[in-house]
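Here is the structure we will look at.
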Amino acid sequence: MIVKTDLRNLTQDELVQYVESLDQPAFRGRQIMSWLYRPGITEFSQMTDLAKVFRACLTENARMYRFQDPVIQRSSDGCVKFAFTLEDGKVIESVLIPEPDRNTLCISSQVGCAMNCSFCLTATMGFIRNLNPSEIVNQVCSVSDFLLNEPKGKLIGPDRVTNLVFMGMGEPLNNIDNLIKSISILTEPRGLDMTNRRITVSTCGIVKNMNRLGLETDVNLAISLHGVDDETRDQLMPVNNRYPLSVLLQACRDYPLAKRKRIMFEYILLKGINDSDEHAHELVRILRGIPCKVNLLQYNESPGLPYKTTSRNRIYAFQNIVRDGGYSVFIRSSRGEDISAACGQLAKQTQEPNDARS
C-alpha cells in the first residue's frame with residue numbers, strides 16, 4: 001500500500017524538492033502551491049495547467065488533506081467556535097472573532113497542552129500530541145471556506161480570515177518546527193498569502209525557542225506573563241520553574257525584534273492574586289527596557305478552577321497605573337464565553353448531536 005504524501009504539509013521549497021523527486025522540473029512545485037489553497041480545489045485533476053500524466057502521478061502518490069464537517073457553535077456575541085476531528089479521532093478547537101474591519105482566527109498548535117497553567121481549562125486535557133503543518137493550516141482553510149459560504153447578510157466582518165493568533169490549544173513554541181513550517185505556508189504568496197504583521201504567536205515563555213522564532217519569522221510575539229514575581233508565577237504557570245521571570249524577561253530584551261515592532265505582554269487579572277496596585281507598579285518596573293505593550297485580560301471563570309474574575313473598576317485602576325508608567329495598555333474584551341470559546345476555555349468536549357453543523 002502506497003503511503004501518500006500530504007502536500008499541505010510541505011512548504012514551497014519542500015514542494016519543489018518533492019516534484020523533483022518525481023523527475024519533474026522545479027516550477028511544477030510552484031504551480032502546485034498556487035492550486036493547493038484555492039477554495040473548492042479538492043482533486044489534482046482540477047489543476048488544469050499540469051500535464052494530465054503528472055496529475056495522474058500525483059493522484060497515485062500524493063493527497064491534499066482537508067478537515068471534514070466541523071462541529072460549529074455560534075456565540076450570541078458573533079464569535080464562532082469550530083471543533084475539528086483529526087484523522088486519528090482527536091479533536092481540536094479554533095475560534096473566529098469577527099469585527100467590522102477584520103476577522104481574527106484563534107488557532108491551536110497542539111492537541112491538549114503540557115504547560116499545566118492552573119487557570120486554563122485546556123490544561124485539564126494534558127498533552128496528547130503536536131499538530132503537523134497541514135493540521136495547523138487546515139484550521140485557516142476550513143474557516144475561510146466557512147466565511148465564503150456564509151450568507152453576506154450574516155457576516156460581521158470581511159469574507160476572509162484577516163488576522164491569525166496562535167492562542168488556541170497548546171504551546172506553539174513546543175511545536176516549533178511545525179509552527180515555523182505552517183507560518184511559511186500561511187505567508188507564501190502562492191499559498192494563503194497572509195501578512196506576517198497580522199500573525200501573532202503567543203507563548204507562556206519557552207525561552208529556548210523564542211530566539212529561533214524571531215530569526216526565522218517576522219510574526220508578532222505575545223508573552224503570557226500573568227505574574228510580576230516568581231512566587232505568583234510559579235503558582236499560576238509551572239513553566240516559571242524552568243524559565244523564571246529574570247530569564248524570560250532577558251530573553252525578551254534579547255529578542256530579534258524588527259524596527260517599530262513591540263512585544264505584547266498578556267496579563268490575566270485574577271481577583272486577589274495578581275490585580276493589586278502594587279502588582280501594577282511592579283509590572284511597570286520589570287518591563288523597563290523592553291519595547292512592548294500590555295494586554296489586560298478579564299478572567300473567564302471555568303467550572304472546577306478556583307480563580308475569580310476581577311471587577312471592572314479594579315481592571316481600570318490597574319490599567320491607569322500601567323499607562324501612567326509609560327506603556328500602551330489595552331483591555332481585551334472577552335468574547336465567546338457562552339460557548340466556552342473565550343481565552344483559557346478551549347478544551348476537547350463532547351458535543352451533543354444537535355450542535356449546529358455546517
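Some observations on this one:
- Here residue 288 meets the list (1) in a loop (DSSP other than H, G, I, E, B); (2) charged (D, E, K, R); (3) within 24 Å of residue 199 (Cα to Cα) almost entirely, failing just condition (3).
- Filter pass, residue 209 being part of a helix (DSSP H, G or I), closer than 29 Å to residue 299 by Cβ and of a type outside the set (A, V, I, L, M): yes
- Residues (out of contact with any helix residue (DSSP H, G or I) (no Cβ under 6 Å at 6 or more places or on another chain), modelled with pLDDT of 95 or more and in a loop (DSSP other than H, G, I, E, B)) located in the stretch 168-202: 170, 171, 189, 193, 195
- Restricting the stretch 252-268 to residues that are touching a helix residue (DSSP H, G or I) at 6+ places or on another chain (Cβ under 6 Å) and surrounded by 15 or more Cβ atoms within 10 Å (Cβ to Cβ), the residue that is farthest from residue 215 (Cα to Cα): 263
Quick grid of which residues meet (1) among the β-branched types (Val, Ile, Thr); (2) under 23 Å from residue 291 (Cβ atoms):
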site	(1), (2)
171	no, no
181	no, no
193	no, no
203	yes, yes
216	no, yes
227	no, yes
232	yes, no
238	no, no
251	no, yes
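- Unique match (being crowded, with 24+ Cβ neighbours inside 10 Å and either in a loop (DSSP other than H, G, I, E, B) or not assigned by TED's automatic domain parsing to the domain that holds residue 299 (or both)) among 118, 108: 108
- Of residues in the stretch 277-292 being without any contact (Cβ under 8 Å) to a residue 40 or more places away in the chain and more than 12 Å from residue 325 (Cβ to Cβ), the one surrounded by the most Cβ atoms within 10 Å (Cβ to Cβ): 291
- Residues (buried (at least 21 other Cβ atoms within 10 Å of the Cβ) and either assigned to a helix (DSSP H, G or I) or over 13 Å from the mean Cα position of the chain (by Cα) (or both)) located in the stretch 126-139: 133, 134, 135, 136, 137, 138, 139
- Residues in the stretch 98-127 that are over 30 Å from residue 241 (Cβ atoms) and hydrophobic (A, V, I, L, M, F, W, C): 105 only.
- Pick from the stretch 214-237, criterion β-branched (Val, Ile, Thr) and out of contact with any helix residue (DSSP H, G or I) (no Cβ under 6 Å at 6 or more places or on another chain), ranking: surrounded by the most Cβ atoms within 10 Å (Cβ to Cβ): 223
- Some residue of the stretch 227-239 being in a helix (DSSP H, G or I), in the same structural domain as residue 206 (by TED's automatic domain parsing), modelled with pLDDT of 95 or more and closer than 11 Å to residue 205 by Cα: yes
The values are calculated or read from the model by the stated rules, or taken from the named source; none is laboratory data. Here the structure is a predicted model, which means the values were calculated and not measured. In this analysis, Cβ positions are derived from the backbone assuming ideal geometry, glycine residues included, and neighbour counts consider all displayed protein chains.
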